[in-house]
Amino acid sequence: MDASAAQRGFEGPEEGSTAADGPADDATLIAAARIVQQARQDYLDALPIAAAVLQRSTGGTSHVHLANALFLALAGPRACPDVPLAAIAFLAGTGVAARAEAFLAGDERDAEFEARYGEAVAQRHFSVRLARLEILPALGRRCLATIVDRTAQVETEQSLRAEMLRDSLTGLPNRTAFNEAVEGVLADPAFQPGGHGVLVVDMRRFSRVNECVGAIAGDELLITFARRLCSVLRAGDVLARTGGDEFGILMRLEKGLDDALQAAERIRAALVAPFRLSELEIRVDCAFGCALLSGHEELADEVLRNAQFALKRAKASGEIQIYEPNQARAARRRFSIETELRHAIEGGDLQLAFQPLVDLADGTVAGFEALARWSHPRRGAISPTEFIPVAEESGLIVPLGRWALDAALAVVAGWDAAAGAPLPIPVSVNLSAIQLARDDVPSLVADALSRHGIDGARLTLELTESAIVQDPARATKVLHALQELAVRAAMDDFGTGYTSLAYLQRLPIDVLKIDRSFVSDMLADADSVAIVRAILSLARALGMETTAEGIDRPELAEALEQLGCTHGQGFYFARPLAPDAALAYWRARSA
């Protein structure tokens, strides 16, 4: 069979007579070739998807050798052996022609890719697969091309994605969409550090609106608030609802930080006017936190978190705050400390140190204050000023307080056992306002005293003014219950809070502890002397003892003793001591 016959669709000797068969009649060859051709066409027609056999001739051009009706419906009537693939509009527009040419010229066994055709509004989407067919010398390289129309599926996916990226209440982009917009800025080859910023706007006390006027009015306020924000944004700014009552704005900045501050001031001014909801007029107080895009962020969400760090400071200060890089590091450290502190409490890795309370009149030790200490195996000593606030914020202050009470009484019981009799050494333990609110303190104290065989008169619980102010009724109930156990109560850091004098008169407070901020400035500040004198006079009038904190010089101890202060505490007498050293200190001072 000659080449011209093969180009008309005949397959070659393996599909007709072979040389061994002897000479064949041309009519027989033609009939056999037509049967094979029709069989292949029937196979393509039986497929439920658009399919065609693409062929590369010896001249290097490719064309459609066979195709089913579904393929022709897509490619058009020009998809025939006489027309190169690149001249067929559909195949050229989808990129199928170029990919098929390269595939037929190469050695890949199969290839699969996505293709699109048409304008954006009416664009169609296809999944294309090319599979190599056996190479026949007479026909050259061929492949089976199948095309699946995925337009409906893609449009559904796009619709679902658009829904997933939209806030259903305000219609604004949500947090995910906002982060994608930030990612786009960071991935832009023309990105410049400081050229974009994220501003987070939070509606302070929004929960009160829901509580007072209901959730429906609250939703209406959010919608109105979002519209007003939109009205003051510049072209190109991206506004999104990133939280319940929190909105994020991605801004382009021509002048860096100055632009960000000006934008924040402009937006704040626009939100000053009250919002009208039906017959209600609501004024909204907002907090603003801002972070600039530096390009060092690993994730887009990190930029938003940075702005939220600044927002947290803004809520406390009332001013627009700009993110500082050390804030994230500090937050990560606090989180790490929280996790490790939990393990330290559960694993018994904390220790107590005991600072002496000294009688200023005769220099004897009147007791010790038990102070929590944490020696971390990797970080070293972690200051209480760092881990106590973390414990209060996370709620770990409750198990920490329980541990401190039990550990302090265990040490006292150990001192008694070493002496062979109860020693006249009282111990003070701090009681957090959070533990006072959440724990059954009287039962806890009673159990601990009983378990260690300690008389209640040897225990003093120190609580701050805030513990009383937060819930005066509960504080009163707890303190009276402790009084029945003979446990004493001391008010720590007195003078720095807002305790009503009526509380002092009504509550069973035994000791007022004068804050170190007044004590340390006494010798140089007449106002501090006046405050200390007033506290001492108040304590005498109410029949209370007094303890001055932060005594670090003999002159302070002498001045306080002359003013009538009962006890002193500070580095002048001793730093916090280990249990054995504290007992030795007591014995030395008592002798």
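Quick notes on this one:
- Contact map, region 392-417: first residue farther than 21 Å from Gly456 by Cβ, second residue outside any helix (DSSP H, G or I), Cβ cut-off under 6 Å, separation 6 or more or different chains; pairs are Ile397/Ser432; Val398/Asp439.
- Taking the criterion of being in a loop (DSSP other than H, G, I, E, B) and surrounded by 19 or more Cβ atoms within 10 Å (Cβ to Cβ), the only residue of region 377-402 that qualifies is Leu396.
- Restricted to region 354-365, and to residues there that are in a strand (DSSP E or B) and out of contact with any helix residue (DSSP H, G or I) (no Cβ under 8 Å at 6 or more places or on another chain), the residue that is nearest to Phe571 (Cα to Cα) is Gln355.
- In region 507-530, the residue that is surrounded by the fewest Cβ atoms within 10 Å (Cβ to Cβ) out of those that are in contact with a helix residue (DSSP H, G or I) (Cβ under 7 Å, 6 or more places away or on another chain) and over 23 Å from Phe573 (Cα atoms) is Pro508.
- Close Cβ contacts (under 7 Å, 6 or more residues apart or on different chains) running from residues in region 252-274 that are in contact (Cβ under 8 Å) with a residue 12 or more places away in the chain to residues that are assigned to a helix (DSSP H, G or I) and surrounded by 13 or more Cβ atoms within 10 Å (Cβ to Cβ) comprise Leu253/Asp259; Leu253/Ala260; Ile267/Leu229; Ala270/Arg228; Leu271/Arg228.
- Matching residues, region 554-591, being assigned to a loop (DSSP other than H, G, I, E, B) and without any contact (Cβ under 8 Å) to a residue 24 or more places away in the chain: Phe571, Tyr572, Ala591
- Scope region 272-286; condition of a type in the set (A, V, I, L, M, F, W, C) and either in contact with a Gly (Cβ under 8 Å, 6 or more places away or on another chain) or at pLDDT below 90 (or both); matching residues: Val272, Ala273, Phe275, Leu277, Leu280, Ile282, Val284
Here is a yes/no grid of residues against (1) assigned by TED's automatic domain parsing to the domain that holds Phe573; (2) in contact with a strand residue (DSSP E or B) (Cβ under 6 Å, 6 or more places away or on another chain):
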| residue | (1), (2) |
| --- | --- |
| Ala307 | no, yes |
| Leu311 | no, yes |
| Ser317 | no, no |
| Arg342 | yes, no |
| Gln351 | yes, yes |
| Phe354 | yes, yes |
| Val358 | yes, yes |
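The values are calculated or read from the model by the stated rules, or taken from the named source; none is laboratory data. These numbers were taken from a predicted model, which means no experiment stands behind them. Neighbour counts are summed over all protein chains in view; Cβ atoms, including those assigned to glycine, are modelled from backbone coordinates with ideal geometry.
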